Amino acid sequence: MGIARTSYVCPPCRASWKRGFPEPGEAGRTRVCPRCAEPLIHAGSVFAAPARRDDEGWRVLTVLLNAGVRFRTSGCDGRGAGYRPRTVREVRERLAYAGRTGTPVAEALVLPELP
């Protein structure tokens, strides 16, 4: 079995890196982008970055990460992170739903279907 790795993302640079999970003594340490020196966002262990030229994909990803949505496995069954919106339209629909119902944004963004 290999070393457990997780992804860190820099939305302004449209870049991501796989790194080992932080050691217990590194808990408060912020990882920074080697390109722009801005703080990296921990995206999770099952994250797959969109292509650098995919403008819409990076816009959607930036909204998700800033809302606190991460890409982690959902248990031991290996199903992946679950539903994540892929288009700006899907994000807008879920943000509108969150505004209408008072549902937290992070929860609304990961709903596979809106009620």
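Laboratory data are not the source of any read-out in this text; all were calculated from the coordinates shown. Since we're looking at a predicted model, the values are computed, not measured. Here the Cβ is made from the backbone with ideal geometry for all residues, glycine too, and neighbour counts use every protein chain on show.
Numbers below:
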read-out	value
Placed amide H near Val32: partners under 5 Å, 5+ positions off or other chain	Leu40
For Thr73, distant residues with modelled amide H under 5 Å away	Ser45, Val46
Cα-only Debye scattering, region 5-109: base-10 log of I(q)/I(0) at q = 0.23, 0.25 Å⁻¹	-1.30, -1.39
Residue-count net charge about Trp17 - beta-carbon cut-off 10 Å; Lys, Arg +1, Asp, Glu -1	+4
Local net charge near Gly44, Cβ-Cβ under 10 Å (Lys/Arg +1, Asp/Glu -1)	+2
Gain in span if fully extended, Phe21 to Asn66, counting 0.36 nm per residue against the direct Cα distance	14.2 nm
Residues Thr73 and Thr103, FRET efficiency given R0 of 25 Å [Cβ-Cβ distance, rounded to 0.05]	0.60
Region 86-94 - phi-based ³J(HN,Hα) in whole Hz, Karplus 6.51/-1.76/1.60, Gly and Pro as x	10, 10, 4, 4, 4, 5, 4, 4, 6
